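Worksheet for the structure shown next.
The values are calculated or read from the model by the stated rules, or taken from the named source; none is laboratory data. Everything quoted here is computed from the prediction, not taken from an experiment. Cβ sites come from the backbone with ideal geometry, for glycine too, and all protein chains shown count toward neighbours.
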Amino acid sequence: MAVVSEGLQPGAVLEAGGIRFSVWSGAAERIWVSIFDDHDRETDRVELARGAEGMFSAEIAGLGEGARYGLRADGPSDPQHGLWFDPDKLLVDPYALEIDRPYAYDARLAARRGEGGDTAPLMPKALVRKLPRVVVAPPRFRPGGLIYELNVRGFTMRHPAVTEHLRGTIGALAHPAVIEHLVGLGVGAVELMPITAWMDERHLPPLGLRNAWGYNPVTFMALDPRLAPGGWAELRKTVAAFHEAGIGVILDLVFNHTAESDALGPTLSLRGLDARAYYRHDAYGRLVNDTGTGHTVACDHPAMQRLVLDSLRTFVRHAGVDGFRFDLAPILGRDANGFRADAPLLRAMIEDEILRDRILIAEPWDIGPGGYQLGNFQPPFLEWNDRFRDDVRRFWRGDAGMVGSLATTACGVVRRVFGQCNAQRQFPRRT
């Protein structure tokens, strides 16, 4: 398997006199960076030089923070076998930290090579940013406190105490009235549903609908401009406000699929750079669908593993978040042979110097073979338990015959908790 070079940091890195652009691809023949002005016009296109282990890079002098750019890649085109190279497709850098506008689906983004024209006018541009670091403290998580799953937009969109222009944003969550409400409920941590930039699925616009939840990312670090018009500074300020109130912040992140979808989906980033490396394919070159979205992120590939780890480290180093909840978490431990609790990416999260003390919560199921993995994630991973949740809900609303089921479920939870106690020799953080 390919080895991803540790010599260069992927993404756009500010250096003395310019910016170094670096991106990995194991199959591309040529990669360019396109530079855009404030009027969305492409002013320059510079080819990146291929270096060791598939890392393409080039330094462009005279550019500084705030520069707007996208990537283009060329190589063989054979979509039926996972090769989607098309230099007419402008691609968002997988390491982009900010984009200049939200993603919007357009059928031309899914056109095959030679049919759709240049997609640059349809695509957001990445903005070069250098993020300040925060002081990373031990996770804030009050023992016994509630974890409050929170949709950022919906939670404050009609809040009368929040200034109207702030409603529906990450910044609105820092309002004293919002924090006072959460403290009064006994919340120990908020779990923010996806805040990274997403795109509506292609079937929604014809129905007059939009994706309200955010579980359809394009890249993994750029915040959605609709939720964070103030960028990373807005996220840092809100995390700090929660911490001041004794409330931890957990991010719900999606590393199992992207908005590039199935074989009929748009080419936006990873697909155009190296689809066979970033997405899992079967022996016939077809996309593996262990997620129900038409494809599956290849978390067994070193390039994707590095991208996931770098994304998590970025949220800790530059926003100070306390932990993560992983959507369809078995995908993080899957390879061609199925799920492994000791898979390289899962082990790397546990052992990483930056991540090892963070709260790690698995949604322990997907739709792939052997997809229900409740109870199989190794400590210190915590798990959402759907059986406990459903039995408690049914018991509370008075469903008949629930006493025995609830007792059985609760007994299983207790055994799981004390099994972790014996493994760790300490009482674990509780969900």
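General observations
- Residue list for region 148-158, filter: over 20 Å from the mean Cα position of the chain (by Cα) and crowded, with 18+ Cβ neighbours inside 10 Å: 155, 156
- Residue 338 surrounded by fewer than 22 Cβ atoms within 10 Å (Cβ to Cβ), within 24 Å of residue 111 (Cα to Cα) and small (Gly, Ala, Ser): no
- Any hit, region 410-431, residues being surrounded by fewer than 16 Cβ atoms within 10 Å (Cβ to Cβ), modelled with pLDDT of 80 or more and of a type outside the set (S, T, N, Q): no
- Residues that are part of a loop (DSSP other than H, G, I, E, B), touching a Leu at 6+ places or on another chain (Cβ under 9 Å) and surrounded by 17 or more Cβ atoms within 10 Å (Cβ to Cβ), drawn from region 107-125: 116, 119, 123, 125
- Checking each residue in region 363-383 for being part of a loop (DSSP other than H, G, I, E, B) and surrounded by 17 or more Cβ atoms within 10 Å (Cβ to Cβ) picks out 363, 364, 366, 368, 371, 373, 374, 377, 380, 381.
- Residue 375 falls short on exactly one of the conditions (1) modelled with pLDDT of 95 or more; (2) more than 15 Å from the chain's Cα centre (by Cα), and that condition is (1).
- For residue 304, the requirement of being surrounded by 20 or more Cβ atoms within 10 Å (Cβ to Cβ), modelled with pLDDT of 95 or more and closer than 19 Å to residue 380 by Cα is not met.
- If you filter region 79-99 down to residues that are in contact with a strand residue (DSSP E or B) (Cβ under 6 Å, 6 or more places away or on another chain) and charged (D, E, K, R), you find that the one that is nearest to residue 133 (Cα to Cα) is 98.
- Residue in region 277-289 that is among the β-branched types (Val, Ile, Thr), within 17 Å of the chain's Cα centre (by Cα) and more than 13 Å from residue 83 (Cβ to Cβ) present: no
- Selected residue (only one of 201, 191 is of a type in the set (Asp, Glu) and either assigned to a helix (DSSP H, G or I) or under 26 Å from residue 269 (Cα atoms) (or both)): 201
- Here region 41-54 is the region considered, the condition is being of a type in the set (D, E, K, R) and within 29 Å of residue 298 (Cα to Cα), and the residue that is surrounded by the fewest Cβ atoms within 10 Å (Cβ to Cβ) is 47.
- Residue within region 235-258 that is in a helix (DSSP H, G or I) and free of Cβ contacts under 8 Å to residues at least 40 places away in the same chain present: yes
Condition check ((1) crowded, with 21+ Cβ neighbours inside 10 Å; (2) assigned by TED's automatic domain parsing to the domain that holds residue 111; (3) closer than 30 Å to residue 262 by Cβ; (4) touching a Leu at 6+ places or on another chain (Cβ under 7 Å)) across all residues:
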| site | (1), (2), (3), (4) |
| --- | --- |
| 19 | yes, yes, no, yes |
| 26 | no, yes, yes, no |
| 33 | yes, yes, yes, yes |
| 39 | no, yes, no, no |
| 56 | yes, yes, yes, yes |
| 61 | no, yes, no, no |
| 65 | no, yes, no, yes |
| 76 | no, yes, yes, yes |
| 89 | yes, yes, yes, no |
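- Top-ranked residue in region 126-144 [being in contact with a strand residue (DSSP E or B) (Cβ under 6 Å, 6 or more places away or on another chain) and surrounded by fewer than 18 Cβ atoms within 10 Å (Cβ to Cβ); ranked as modelled with the highest pLDDT]: 130
- Count of residues meeting criterion [outside any loop (DSSP other than H, G, I, E, B) and among the aliphatic types (A, V, I, L, M)] in region 289-345: 13
- Selection count, region 204-220, where residues are outside any loop (DSSP other than H, G, I, E, B) and touching a Pro at 6+ places or on another chain (Cβ under 7 Å): 1
- Inter-residue pairs, beta-carbon under 8 Å, first farther than 14 Å from residue 103 by Cα and in region 201-213, second part of a loop (DSSP other than H, G, I, E, B) and not aromatic (Phe, Trp, Tyr), 6+ apart: 209/200; 213/151; 213/193; 213/194
- Filtered by the rule that a residue be over 25 Å from residue 217 (Cα atoms) and either within 20 Å of the chain's Cα centre (by Cα) or in a strand (DSSP E or B) (or both), region 159-188 gives 187, 188.
- Scope region 126-148; condition closer than 20 Å to residue 70 by Cβ and assigned to a strand (DSSP E or B); matching residues: 126, 127
- Looking only at region 262-293, and only at residues there that are among the small types (Gly, Ala, Ser) and under 13 Å from residue 79 (Cβ atoms), the one that is modelled with the lowest pLDDT: 285
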